[in-house]
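**Student:** Sending over a structure as structure tokens; questions will come in a sec.
The values are calculated or read from the model by the stated rules, or taken from the named source; none is laboratory data. Predicted, not measured: the structure shown is a model, and the values here were computed from it. All Cβ positions, even for glycine, are placed from backbone atoms using ideal geometry, and neighbour counts span all protein chains on display. What goes into the accessible areas is simple: the full protein's heavy atoms, side chains included, and nothing from ligands, DNA or RNA. Shrake-Rupley method; radii C 1.70, N 1.55, O 1.52, S 1.80 Å.
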Amino acid sequence: MITTLIVLGLTIVMFVIGKVRSDIVALSALTILILSGILTPEEALSGFSSTVVIMMVGLFVVGGAILQTGLAKVASQKIMKLASGSDTKLFLLVILVTAFIGAFVSNTGTVALMMPIVVSMAAQSGTRPGRLLMPLAFASSLGGMLTLIGTPPNLVIQESLTANGYEPLGFFSFTPVGLIAIAIGIVVLIPLSRMFLYKQKDAKGKKGNSTKTLDELAEEYNLNKDLRRYRITEKSLVKNRTLAELNLRSNFGLTIVEIRSEKADKSGILKNVRQSLAGPDSILSVDDIIYITGDSEKINKFARENKLEKMDKNSIDFYDIGIAEIVLMPTSRLIGTKLTEAGFRERYYINVLGIKRGNEYIRKDLTTIKLQSGDVLLVQGKWSNIADLEKEETDWVVLGQPEKQASQVTLNYKAPLAAVIMVAMIAMMVFDFIPVAPVTAVIIAGLLMVLLGCFRNVEAAYKTINWESIVLIAAMMPMSTALDKTGTSAMISQSLVSALGSMGPMVLLAGIYFTTSLLTMFISNTATAVLMAPIAMTSALQIGASPYPFLFAVTLGASMCFASPFATPPNALVMKAGEYNFGDYVKVGLPLQIIIGIIMTFVLPLLFPF
């Protein structure tokens, strides 16, 4: 018992100091518990096979797909429109929307779904995500008190009541308690978040960052000015012909920069987009969309003669194909050669769309231009091919961060598909008549997001997973087993309850809430509820009181734990993205946790009399 308490104490101290990464601290504590014989290797590693941890991994992937497809941006724009530019309205909307979803979906799932939306809102409004992410995590827990299925501790106390012969709670028996908790949360979080979360922190690496966005590059080189889109129809004379046969550059002075195929299903909602660079061997098929650059009159003449169908939108979209800038080095082998001799197309499958020479931008007759030292070339190609250009450091330097730009490109044509998968996942988690476990629903959704192309590749899906949060939760979960095995949890909780029981039901109620709340700071809320529910039931029976308010105190104490980043999965999920440390949770979460406990001590007996 002494060893366990020392390890727990040192872990908390290290979390508070924040000098060592939280996942390393948690793994170190776990290792000590194994070496001291308190936990077996199987018990210590049980957290890594926990359904909660597996769900967190899957939900990171689902959340990443929501962000990658632009679905998060669409949702965030609607919320921001409702907020009308008001920080307070935006804050309230995030809290209320999250709490509502949290009433029917696990708080972990709620945060994973809402987090990319909130991050997108922060990016659009030019604010730090940290302003909203911690309130988001807290709101998911507050909303979990609205229904029976909102959070696991609710099911724990339901089981305790039925096991002891008491009338079970209804689906919405928790709603009055949840509404009061949400109201308290809003009133307390508005001032606390402004005091401690709205302060700007030093944005590492942002100063001096001259990376241009893709739209900025397209605008700088004026790509859209002479760009036209046409569809190949059955009547088009160019169908089933290669670009080499057409010889557009010689005959018309035109360039086809991209060939695109867009196919929609019968509903017209879900569609698939395939992009390819235009090369000599590219064959033009019916329904292909071609992007042509060059002189407007020549483009119109070519389209008219070959019976091409003009399309309205003339701007470039960036999905599989992107653009980047490269600057030629003074020692480059390309200096003095014509662009056609440089071999970009043959060696790297890259098109050159324009050249910046000093203050001049050259986009026409590129094949005749001789390259000079210091020329900046705007290149177009698949992101993987652009990445290959970075290996040729002797000839040129790639400007900006193409890999980072690629990750920010939204596959917006996949947004409806991502929405369908997300709704199906939520339905499987909410409705009992669908015989699929929540963790299975998350795994299915994550897998479908990858298989159906909501990510550019599998590696992009893996990069969405915050492994620090995963390891932190998985390594801390066995701590509850250690506390239970050594009798530490039972000793602490039973001592507190027995000391307060003689002082009356109100004091005992407060004692049960704060004991549960204290334990939840160090072990999972579900484990704490399982531990405290029988103690609360026994204590209520001993003083001849109804067990209902005491068991509600247990689920509230277990769910309303905000003072620690590892007390609940939602708290851990937002820690990295919000750039929080342990102290941030204490400053904002601890006062909320205490205030809810004090108010609920007086409210619970009114809703569920002793």
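**Student:** Kindly evaluate Val409 against the criterion of being modelled with pLDDT of 85 or more, of a type in the set (A, V, I, L, M), within 37 Å of the chain's Cα centre (by Cα) and buried (at least 18 other Cβ atoms within 10 Å of the Cβ). Please lay out each step first, then the result.
**Tutor:** On the way: modelled with pLDDT of 85 or more: no; of a type in the set (A, V, I, L, M): yes; within 37 Å of the chain's Cα centre (by Cα): yes; buried (at least 18 other Cβ atoms within 10 Å of the Cβ): yes.
In short, no.
**Student:** I'd like the residue in the stretch 80-119 that is small (Gly, Ala, Ser) and outside any helix (DSSP H, G or I) and, out of all such residues, is least open to solvent (accessible area, probe 1.4 Å).
**Tutor:** The initial filter retains those residues of the stretch 80-119 that are small (Gly, Ala, Ser), namely 83-86, 99, 102-103, 106, 109, 112.
Checking the rest, the ones that are also outside any helix (DSSP H, G or I) come to 84-86, 103, 106.
On the way: Ser84: 85, Gly85: 78, Ser86: 40, Ala103: 3, Ser106: 34 Å².
Selected residue: Ala103.
**Student:** So which of Phe566, Phe582, Phe602 ends up being over 24 Å from Pro135 (Cβ atoms) and of a type outside the set (Gly, Ala, Ser)? I'd like the intermediate steps shown before the answer.
**Tutor:** Working: Phe566 fails: over 24 Å from Pro135 (Cβ atoms); Phe582 fails: over 24 Å from Pro135 (Cβ atoms).
Just one listed residue meets the conditions, Phe602.
**Student:** Of (1) assigned to a loop (DSSP other than H, G, I, E, B); (2) in contact with a helix residue (DSSP H, G or I) (Cβ under 6 Å, 6 or more places away or on another chain), Asn571 satisfies all except one. Which?
**Tutor:** Among (1) assigned to a loop (DSSP other than H, G, I, E, B); (2) in contact with a helix residue (DSSP H, G or I) (Cβ under 6 Å, 6 or more places away or on another chain), Asn571 violates only (1).
**Student:** Scan the stretch 336-358 for residues that are over 17 Å from Lys212 (Cα atoms) and open to solvent by less than 60 Å² (accessible area, probe 1.4 Å) and report the count. So that I can check it myself, show each step before the final result.
**Tutor:** Of the stretch 336-358, the ones over 17 Å from Lys212 (Cα atoms) are 336-352, 357-358.
Still in the running and open to solvent by less than 60 Å² (accessible area, probe 1.4 Å): 336-337, 339, 342-345, 348, 350-352, 357.
Residues meeting the conditions: 12.
**Student:** Let me ask another. What number of residues in the stretch 260-277 are out of contact with any helix residue (DSSP H, G or I) (no Cβ under 6 Å at 6 or more places or on another chain) and modelled with pLDDT of 70 or more?
**Tutor:** Residues of the stretch 260-277 that are out of contact with any helix residue (DSSP H, G or I) (no Cβ under 6 Å at 6 or more places or on another chain), as a first pass: 260-268, 272, 274-277.
In the following step, the residues that additionally are modelled with pLDDT of 70 or more were identified as 260-263, 274-277.
Total satisfying the criteria: 8.
**Student:** Looking at the stretch 422-443, which of its residues are open to solvent by 10 Å² or more (accessible area, probe 1.4 Å), farther than 23 Å from Gly47 by Cβ and assigned to a helix (DSSP H, G or I)? Before you say what the answer is, go through the steps one by one.
**Tutor:** Taking the stretch 422-443 and keeping what is open to solvent by 10 Å² or more (accessible area, probe 1.4 Å), we get 422-424, 426-440, 443.
Adding the requirement that they be farther than 23 Å from Gly47 by Cβ leaves 422-424, 426-428, 430-436.
Result: Met422, Val423, Ala424, Ile426, Ala427, Met428, Val430.
**Student:** Could you grab me the full set of residues in the stretch 559-572 that are touching a Ser or Thr at 6+ places or on another chain (Cβ under 6 Å) and farther than 14 Å from Met476 by Cα?
**Tutor:** Ser559, Cys561, Pro570
**Student:** OK, next. Just checking, does the stretch 297-310 include any residue being out of contact with any Gly (no Cβ under 9 Å at 6 or more places or on another chain), part of a loop (DSSP other than H, G, I, E, B), under 30 Å from Gly70 (Cβ atoms) and open to solvent by 30 Å² or more (accessible area, probe 1.4 Å)?
**Tutor:** First pass over the stretch 297-310, keeping only residues out of contact with any Gly (no Cβ under 9 Å at 6 or more places or on another chain): 297, 299-301, 303-310.
Those left that are additionally part of a loop (DSSP other than H, G, I, E, B): 306-308.
Okay, now just the ones that are also under 30 Å from Gly70 (Cβ atoms), so 308.
Checking which are open to solvent by 30 Å² or more (accessible area, probe 1.4 Å) leaves us with none.
No: the stretch 297-310 contains no residue that is out of contact with any Gly (no Cβ under 9 Å at 6 or more places or on another chain), part of a loop (DSSP other than H, G, I, E, B), under 30 Å from Gly70 (Cβ atoms) and open to solvent by 30 Å² or more (accessible area, probe 1.4 Å).
**Student:** All but one of (1) within 16 Å of Pro570 (Cα to Cα); (2) open to solvent by 30 Å² or more (accessible area, probe 1.4 Å) hold for Thr127; state the number of the condition that does not hold.
**Tutor:** (1)
**Student:** Sticking with this one: If a residue must be free of Cβ contacts under 8 Å to residues at least 40 places away in the same chain and part of a loop (DSSP other than H, G, I, E, B), how many such residues does the stretch 9-41 contain?
**Tutor:** 5
**Student:** Identify, by number, the condition in (1) outside any helix (DSSP H, G or I); (2) open to solvent by 10 Å² or more (accessible area, probe 1.4 Å) that Phe602 doesn't meet.
**Tutor:** Going through the list (1) outside any helix (DSSP H, G or I); (2) open to solvent by 10 Å² or more (accessible area, probe 1.4 Å), Phe602 breaks only (1).
**Student:** Let me ask something additional. Only residues that are at pLDDT 85 or above, assigned to a loop (DSSP other than H, G, I, E, B) and under 29 Å from the mean Cα position of the chain (by Cα): list them for the stretch 138-173, please.
**Tutor:** Within the stretch 138-173, Gly144, Met145, Leu146 qualify.
**Student:** Going by what's in this entry, would Lys239 be described as at pLDDT 85 or above, surrounded by 12 or more Cβ atoms within 10 Å (Cβ to Cβ) and more than 30 Å from Gly557 (Cα to Cα)?
**Tutor:** Working: at pLDDT 85 or above: yes; surrounded by 12 or more Cβ atoms within 10 Å (Cβ to Cβ): yes; more than 30 Å from Gly557 (Cα to Cα): yes.
Yes.
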